[in-house]
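What follows is a short report on a single structure.
The values are calculated or read from the model by the stated rules, or taken from the named source; none is laboratory data. Owing to the predicted nature of the structure, the values given are computational and were not obtained by experimental measurement. Here the Cβ positions follow ideal geometry from the backbone for every residue, glycine too, while neighbour counts run over all protein chains shown.
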Amino acid sequence: MSGPPTLTWYINPDNGGQATRAQQCADASGGAYTVDIQTLPSDATQQREQLVRRLAAKDSSIDVMSLDVIYTAEFANAGFLRPYTPAETARISEGKLPAPLKTGMWKDTLYAAPSKSNAQLLWFRKSLAKAAGVDPTSPTFTWDEMIKAALGQGKKISEQGARYEGYMVWINALVLSGGGQILTDAEAGKNARPSMASRAGDKAAEIVGSLARSSAAAPDLTVAQEEQARAVFQGDDGMFMLNWPYVLAAARSAVEEGTLDQSVVDDIGYARYPRVFADRPSAPPLGGSNLAIGAYSKYPEQAAALVECATSLEKVTQYMLDEGEPSVYAASYDDPRVREAYPNADLIRDSIAEGGPRPITPFYVDVAGSVINTWHPPESVNRDTPAEADAFMADVISGRRLL
Amino acid sequence: MTVTATRPDTPAPAAGKGSDRARGERRLGLYLAAPSFIVMVLVTAYPLGYAIVLSLFNYRLTDPAGRSFVGLNNYLVILTDPVWWNDFATTFAITVVTVAVELVLGFGFAFVMLRIVRGRGPVRTAILIPYGIITVVSAFIWRYAFAIDSGFVNQWLGLGDFNWFGDRWSAIFVICLSEIWKTTPFISLLLLAGLVQVPEEMQEAAKVDGATAWQRLWKITLPSMKAAIMVALLFRTLDAWRIFDNPFVMTGGANNTETISFLAYRQNVSLVNLGMGSAVSVLLFLTVVAIAWIFVKGFKTDLSQVRGD
């Protein structure tokens, strides 16, 4: 075939941001490659299913793929990804925050280059916090204090408690913030040790269970995803919410559309994810996605060039401005345009920098499924739940139970 | 060779003539069937055999290094796991309810299609339309009809905020309803084929002898179309037993509405747990064989004897 190779990039759906960058990078490559964009389904689970199916069949048409942060280990372990060379790794890592970079690593090798990140923040209504006499922006603000304050005001804490990945995000953040881990020695794959039954896991169970059973829980907690949580928080009963940074922009556009009062937006405060124990910094939930190169790609060098271009500081910063997805570069948050659009830019950067990833394991789907199965519904969570989750998870991973 | 030659009770000339023809027919039959048989082996037997082999391993597609032989352990795990029996119960409930209702409704439709004189074409078409709709599409139609936010059923029945898909049995009810709506035409079509074969003279004779309509139905119509009923029941039961689309679209398997096919899909495709998933698939296959066997034995009908002559 003559002419430059056409790289196929499987993207997660967005508003055209990735396609724009692909075009810019192809133009700037001086004819080294052109890019064809293929859009994956909208939710991460279905994206994974499609990519796994294709890669298991050694599909050489996957040159570059956008991969949710939780799947790096599974794909890398299966041999589906082409690792970045040490030179590429050095260039890709430059200036990027360490926490998102870690989500792209498997066994000390970089398989996926961070292209966007995310971290949950604590959102609160300033007037209600003031009335309750608490300061959520205090570094030592804890879940217990938050629940007490909400109960005192007769208001709600919005969380994601539906039977889906978002609930796993919550549980994982509590366990990590308490100093524990859902899975110990995750690199051992099948032989990794579930370790929820610990001081941290017990405290996490206490927080989830007691919040869910209290009047501070949103009435739809068991089916609530991000948007339902936002609706409760913006409503009359909202006081606290744990959610991603997009909610501020969403609230602002709701005002523009006339569905929300400006006074509500003015009353929204934000702070770092609350602590589990007062003496231990929290681990804010980390999200985002990375760019990986298919192991069967015919043009790995060109694909690596595309990844380096698309994850450059300038491109990622612009993506944050265009698409509202937080950058993986510390420097992006000093950009005046970012600081104007994000009054909480420093908070987002610090939350990402100290964010806690979900377990990096080839069995992530089993681990998350086991945790969600045993911890749902939230009001059923009690002191036995962490040990039950451990036993179930171990059985599922070793093939002694069906998930 | 010597054995047949010395056997006195097989007169060579008489048997020879008949068996020559029979042998020729059989050979022709084999030749005619051979190409499709070979294709069947290639596309069916190979994957089936491979699935059986896979089912003896603990094997994740994404953990190739962790592959290990476990013998029949996967089957043991599945058959002692509440997930399997839960899915089995769901599948069983859906199969029994839908096939029973469809058989009765299908009979009604078949009679209508047979007896109708005016507007036969439009009526037959109207009855058959649901069967022409893709299952996934029909599943979405019914899902939206019963949905809490956009559905009209709750409004019609004055049920307010009743969440049909929030509870196991109400969700299964909707799944059954959709399934029945979609596949009753299929069963009625098969029954119509049987009804047409019921000899009209026999009906006339019975009428002359003073048999009531009810007696004619039970003594003449049903016995004469036993093979057709059997075929319809068997096909529909096997179809219903492998139900996947409706639960997948309507509930995603939530609230204990997962069926056996769904379990096989989840293990194989979502969890890429090929060992366990293949074992589920093989078990599903065995249940299908068992159902077919029960039907064939239960009806005491030899399908190969069902001929037009």
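Would you mind finding the one in A:Glu340, A:Glu314, A:Glu325, A:Glu301 that is closer than 25 Å to A:Gln18 by Cα, away from every other protein chain (no Cβ under 14 Å) and part of a loop (DSSP other than H, G, I, E, B)?
Just one listed residue meets the conditions, A:Glu325.
The set of residues from the range A:1-31 being over 29 Å from the mean Cα position of the chain (by Cα), farther than 15 Å from A:Ala304 by Cα and part of a helix (DSSP H, G or I) comprises just one member, A:Asp27. Taken together, the residues in the range B:52-63 that are of a type outside the set (Ser, Thr, Tyr), facing chain A (nearest Cβ under 9 Å) and not in a strand (DSSP E or B) amount to 1. Listed conditions (1) surrounded by fewer than 16 Cβ atoms within 10 Å (Cβ to Cβ); (2) assigned to a helix (DSSP H, G or I); (3) in contact (Cβ under 8 Å) with a residue 24 or more places away in the chain; (4) not hydrophobic (A, V, I, L, M, F, W, C) are all met by A:Arg53, apart from (3).
When B:Gly49, B:Gly66, B:Gly71 are screened for being closer than 20 Å to B:Gly275 by Cβ, without any contact (Cβ under 8 Å) to a residue 24 or more places away in the chain and more than 14 Å from chain A (Cβ to nearest Cβ), only B:Gly49 passes. Annotation note: of B:Asn255, B:Asn268, B:Asn273, B:Asn246, the sole residue that is within 12 Å of another protein chain (Cβ to nearest Cβ), within 19 Å of B:Phe140 (Cβ to Cβ) and among the polar types (S, T, N, Q) is B:Asn255. At least 1 residues being surrounded by 24 or more Cβ atoms within 10 Å (Cβ to Cβ) and within 14 Å of chain B (Cβ to nearest Cβ) is the threshold, and among the helices (runs of 4 or more DSSP H) wholly inside the range A:159-248 those reaching it are A:165-177. Against the condition assigned to a helix (DSSP H, G or I), more than 14 Å from chain A (Cβ to nearest Cβ), of a type in the set (Ser, Thr, Tyr) and surrounded by 16 or more Cβ atoms within 10 Å (Cβ to Cβ), how does B:Thr125 come out, does it pass? It is false that B:Thr125 is assigned to a helix (DSSP H, G or I), more than 14 Å from chain A (Cβ to nearest Cβ), of a type in the set (Ser, Thr, Tyr) and surrounded by 16 or more Cβ atoms within 10 Å (Cβ to Cβ).
Determine, yes or no, whether A:Ala341 is at pLDDT below 95 and either touching a Leu at 6+ places or on another chain (Cβ under 8 Å) or among the hydroxyl-bearing types (Ser, Thr, Tyr) (or both). Considered against the rule, which asks whether it is at pLDDT below 95 and either touching a Leu at 6+ places or on another chain (Cβ under 8 Å) or among the hydroxyl-bearing types (Ser, Thr, Tyr) (or both), A:Ala341 comes out as yes. Against the condition surrounded by 24 or more Cβ atoms within 10 Å (Cβ to Cβ), closer than 30 Å to A:Ile147 by Cα and aromatic (Phe, Trp, Tyr), how does A:Phe124 come out, does it pass? Here the answer is yes, as A:Phe124 does meet what is asked. Within the range A:81-94, is there a residue that is within 14 Å of chain B (Cβ to nearest Cβ), more than 13 Å from A:Gly287 (Cβ to Cβ) and assigned to a loop (DSSP other than H, G, I, E, B)? Checked the range A:81-94: no residue is within 14 Å of chain B (Cβ to nearest Cβ), more than 13 Å from A:Gly287 (Cβ to Cβ) and assigned to a loop (DSSP other than H, G, I, E, B).
Checked against (1) in a helix (DSSP H, G or I); (2) within 14 Å of chain B (Cβ to nearest Cβ), A:Leu67 passes all but a single condition, namely (1).
Quick check on the range B:186-203. Is at least one of its residues surrounded by 17 or more Cβ atoms within 10 Å (Cβ to Cβ) and acidic (Asp, Glu)? Scanning the range B:186-203, I find no residue that is surrounded by 17 or more Cβ atoms within 10 Å (Cβ to Cβ) and acidic (Asp, Glu), so the answer is no. The set of residues in the range B:152-167 being surrounded by fewer than 17 Cβ atoms within 10 Å (Cβ to Cβ) and within 20 Å of A:Asp220 (Cα to Cα) consists of B:Leu159, B:Gly160, B:Asp161, B:Phe162, B:Asn163, B:Gly166, B:Asp167. In the range B:284-296 there is no residue that is more than 14 Å from the chain's Cα centre (by Cα) and surrounded by 16 or more Cβ atoms within 10 Å (Cβ to Cβ).
Scanning the range B:204-252 for residues that are of a type outside the set (A, V, I, L, M), modelled with pLDDT under 90 and crowded, with 16+ Cβ neighbours inside 10 Å returns B:Arg216, B:Thr221, B:Ser224, B:Thr251.
Here A:Leu81 fits the description: in contact (Cβ under 8 Å) with a residue 12 or more places away in the chain and within 30 Å of A:Gln318 (Cβ to Cβ). Selection of the range A:56-104 for residues being farther than 21 Å from A:Asn118 by Cα and hydroxyl-bearing (Ser, Thr, Tyr) yields A:Ser60, A:Ser61, A:Tyr84, A:Thr85, A:Thr89. Note on the range A:105-145: among residues that are in a loop (DSSP other than H, G, I, E, B) and of a type in the set (Ser, Thr, Tyr), the one that is nearest to the chain's Cα centre (by Cα) is A:Tyr111.
Tell me the residue from B:Ala110, B:Ala100 that is away from every other protein chain (no Cβ under 14 Å), in contact (Cβ under 8 Å) with a residue 12 or more places away in the chain and either under 17 Å from the mean Cα position of the chain (by Cα) or part of a helix (DSSP H, G or I) (or both), please. Steps first, answer last, please.
Details: B:Ala100 fails: in contact (Cβ under 8 Å) with a residue 12 or more places away in the chain.
Exactly one residue qualifies, and that residue is B:Ala110.
The residues of the range A:344-383 that are more than 11 Å from chain B (Cβ to nearest Cβ), of a type in the set (A, V, I, L, M, F, W, C) and outside any helix (DSSP H, G or I), listed by number, are A:Ile360, A:Val381.
Within the option set A:Gly294, A:Gly288, being crowded, with 21+ Cβ neighbours inside 10 Å, touching a residue at least 24 places away in the same chain (Cβ under 8 Å) and at positive phi holds for one residue only, A:Gly288. For B:Ser281, the conditions (1) surrounded by 21 or more Cβ atoms within 10 Å (Cβ to Cβ); (2) within 12 Å of chain A (Cβ to nearest Cβ); (3) assigned to a helix (DSSP H, G or I) are fulfilled apart from (2).
When you go through (1) of a type in the set (D, E, K, R); (2) touching a Gly at 6+ places or on another chain (Cβ under 8 Å); (3) closer than 18 Å to A:Ile348 by Cβ one by one for A:Arg280, which number turns out not to apply? Unmet for A:Arg280, out of (1) of a type in the set (D, E, K, R); (2) touching a Gly at 6+ places or on another chain (Cβ under 8 Å); (3) closer than 18 Å to A:Ile348 by Cβ: (3).
Checking each residue in the range A:236-271 for being closer than 25 Å to A:Ile171 by Cβ and either in contact with a Ser or Thr (Cβ under 6 Å, 6 or more places away or on another chain) or without any contact (Cβ under 8 Å) to a residue 12 or more places away in the chain (or both) picks out A:Met241, A:Ala271.
Does A:Val307 satisfy the criteria of being in a helix (DSSP H, G or I), touching a strand residue (DSSP E or B) at 6+ places or on another chain (Cβ under 7 Å), closer than 30 Å to A:Arg53 by Cβ and touching a residue at least 40 places away in the same chain (Cβ under 8 Å)? In short, yes. Within the set B:Val112, B:Val117, the sole residue that is out of contact with any Phe, Trp or Tyr (no Cβ under 7 Å at 6 or more places or on another chain), surrounded by fewer than 18 Cβ atoms within 10 Å (Cβ to Cβ), at pLDDT below 90 and closer than 30 Å to B:Glu200 by Cβ turns out to be B:Val117.
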